[in-house]
Amino acid sequence: MVSREQLSVMIKHHLGLLAFGDEDDYPVKWAVYESPLGGRGLVATQDIKAGEVLFVDYPLVYGPRSGITVQQGCTVCKNIDSDIFFKCSKCSLTLCSVQCQNSEFHSSDCSIISRWPNKVPIEEVDETLLSRALTAIRALLLNEDQKYFLTSLQANRLPQYGSEIRDLKQYFDIPSHEEEFMILVTCVLNTNAFQMATQYGKKEMSLRGLYPVASILNHSCVPNTRNCFNGDLQMTVKATKTIDAGSEIFTCYSGMLWGTPARRLYLYRTKHFLCDCDRCADPTERGTLLAALKCFSPDCQGSLLPIHPLKTTTAWRCLECGMRVPNDNICVIQSALGSLMGSLDLKNVDELENFYLNRITRYVPRTNQIVLDLQCRLIWELGETDGLRWNGKFTEHKYSQKIF
Ligand SMILES: C[S@@+](CC[C@H](N)C(=O)[O-])C[C@H]1O[C@@H](n2cnc3c(N)ncnc32)[C@H](O)[C@@H]1O
């Protein structure tokens, strides 16, 4: 792994800050340091006020997300809603118009793929697989300095990572050094990439980007920054609260409104660590009761919460009646709730509203993350509808029936 000093120089170069040699003129208030969490992190070198911009990062590489359930679309304009998708006759990437086909963007993607000798006729190449591998393929176009920077980022190397690259070999003869590099890139991406926000209401393919400075940020379930993206793919990272000099700067890798078991499981599965921050250690999550389930006792209105939230197999206990429930029973309920949510048509606002108003609170208390998630989805869908107002417990049903 590169030294902290080398990494700092690459970051300064990436952000265009190399001209600022002198500490006094240096326009950022943070530095790379050895984090007590293990590995590197960013630490405040001066007090930072809430709302201050810490840095504006841009991606070394970006492209489609690689998950098998991610809907793939035009590899140029990201459109996922077209009747006329077609495959490029040279590389098999999905396109939606002649304009996209003739774009510089496509020609650089096509230039890498079309130079690999194909093992089957090009029209037989699985375009979805190709799209899932595209972000790693694009990394082949980086210059040597950029490749070095990319490979200096942490890479959690799991045997299953890079399967989309290995699977591509049934279609193309890929030089082994390029295959190895792309597999490493998938490990770096899986460890560090950010899902890029899609513009409100736009039916676009979901993208991920490798933002190298933001990649150094470690996770906290109560982070002190937030990030947003603009149309030029720049990511602005801002402080959400005062950060004292000497404190670590954190982002949040998981959903902020997820309860502790959901966050910890997600972090373990995707980033390979078990978070044990103060929020995770607090059974009530600072009184929010985001993970709470309804007490199993029919006479009790209380909420069940984990007794030892940092132990994955902890029993749960009711805050009201003290009833103790083994973890196995909790897992059954959580997976039933997962299936129930999975069966919902999230695009059907009437169904969402009905589920929110009439069904979900039979199973979980109003504080539960599922209820908050449904509220957020409804606000997202209805928030710009004229005449609707948020009334604390969301819209009155008769009100929304008038609209729909
Ligand atoms: C995006 S990287 C963050 C930068 C990384 N620490 C480095 O040295 O480059 C994500 C990895 O950092 C580590 N990490 C981040 N936040 C952590 C936390 N709160 N506790 C333990 N490990 C953490 C995990 O190994 C995770 O897979």
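The values are calculated or read from the model by the stated rules, or taken from the named source; none is laboratory data. The structure presented is a predicted model; accordingly, all values stated were derived computationally and were not measured. Using ideal geometry, Cβ is built from the backbone for each residue, glycine included, and neighbour counts are taken over all protein chains shown. What goes into the accessible areas is simple: the full protein's heavy atoms, side chains included, and nothing from ligands, DNA or RNA. Shrake-Rupley method; radii C 1.70, N 1.55, O 1.52, S 1.80 Å.
Of all accessible surface on segment 2-142 at a 1.4 Å probe, what whole percent is carbon and sulfur? Carbon plus sulfur share of accessible area: 51 percent. Solvent-accessible area per residue in segment 253-404 equals 58 Å², computed with a 1.4 angstrom probe and all protein chains kept.
Working note: Cα atoms of segment 56-169, range along each principal axis, descending, whole Å: 40, 33, 28. Helix 327-342 and the long axis of the chain differ in direction by around 70°, with both axes built from C-alpha atoms.
Using a 1.4 Å probe and counting only protein heavy atoms, arrange 34, 351 so the residue with the most accessible area comes first.
34, 351
Rounded to the nearest 500, the helix-only mean residue ellipticity at 222 nm of the chain stands at -9000 deg cm²/dmol, with each DSSP H run of n ≥ 4 adding -39,500 (n - 2.57).
In percent, rounded to a whole number, the relative contact order of segment 87-180 is 35, using alpha-carbon pairs under 8 Å and six or more apart.
Put the Cα centre of segment 88-153 next to the Cα centre of segment 1-74 and the gap is 27 Å.
Over 39 Å apart: what share of the alpha carbon pairs of the chain falls there, rounded to a whole percent?
Working: 23901 of 81406 pairs.
Counting every Cα pair in the chain, those more than 39 Å apart make up 29 percent.
Surface calculation, 1.4 Å probe, protein heavy atoms: residue 345 sits at approximately 70 Å² accessible.
Roughly speaking, to the nearest percent, how much of segment 220-337's 1.4 Å accessible area is carbon and sulfur? The partial results should precede the final answer.
Numbers: 3170 of 6110 Å².
Carbon and sulfur atoms account for 52 percent of the accessible area of segment 220-337.
Only the Cβ atoms of Lys and Arg (+1) and of Asp and Glu (-1) were treated as charged; on that basis the dipole of segment 203-336 about its Cα centre amounts to roughly 220 debye. Seen from every direction in turn and averaged, the convex hull around the alpha carbons of segment 139-280 projects onto 11.2 nm².
Counting Lys and Arg as +1 and Asp and Glu as -1, each charge on the Cβ, what is the dipole of the chain about the Cα centre in debye, to the nearest 20? Display every interim value, and only then the final one.
Details: 42 positive and 45 negative charges, 228 e Å.
For the chain, the charge dipole is close to 1100 debye.
With Cα atoms defining each centre, segment 154-186 and segment 258-326 are spaced 38 Å apart in the structure. Treating each Cα of segment 68-108 as one equal point scatterer and applying the Debye formula with no solvent, the log10 of I(q)/I(0) at q = 0.19, 0.22 Å⁻¹ comes out as -0.49, -0.65.
So which trypsin sites (Lys or Arg not before Pro) in segment 252-338 end up in coil per DSSP with only 16 or fewer other C-beta atoms within 10 Å?
Numbers: sites: 263, 264, 269, 271, 279, 286, 294, 311, 317, 324; in loops: 286, 311.
Those that pass, being in a loop and sparsely packed, are 286, 311.
Taking all Cα pairs closer than 8 Å and separated by 6 or more residues, the relative contact order of the chain comes to 15 percent. Each label was represented as a point 7 Å from its Cα along the Cα-to-Cβ direction; for residue 228 and residue 331 these points are 4.2 nm apart. Largest first, the residues 182, 323 sort by 1.4 Å accessible area into 323, 182. The convex hull built on the alpha-carbon positions of segment 1-134 has an orientation-averaged projected area of 13.0 nm². Taking the C-alpha atoms only, the angle from helix 127-138 to the longest principal axis of the chain is near 70 degrees.
Taking all protein chains as shown and a probe of 1.4 angstrom, residue 14 keeps an accessible surface of around 10 Å².
In segment 319-358, the alpha-carbon atoms span a convex hull of 87 Å³ per residue. Heavy-atom accessible area with a 1.4 Å probe sorts 381, 178, largest first, into 381, 178.
Hey, can you find the accessible area per residue of segment 160-246 for me, probe 1.4 Å, expressed in square angstrom?
On the way: 3590 Å² over 87 residues.
Normalised by residue count, the accessible surface of segment 160-246 is 41 Å².
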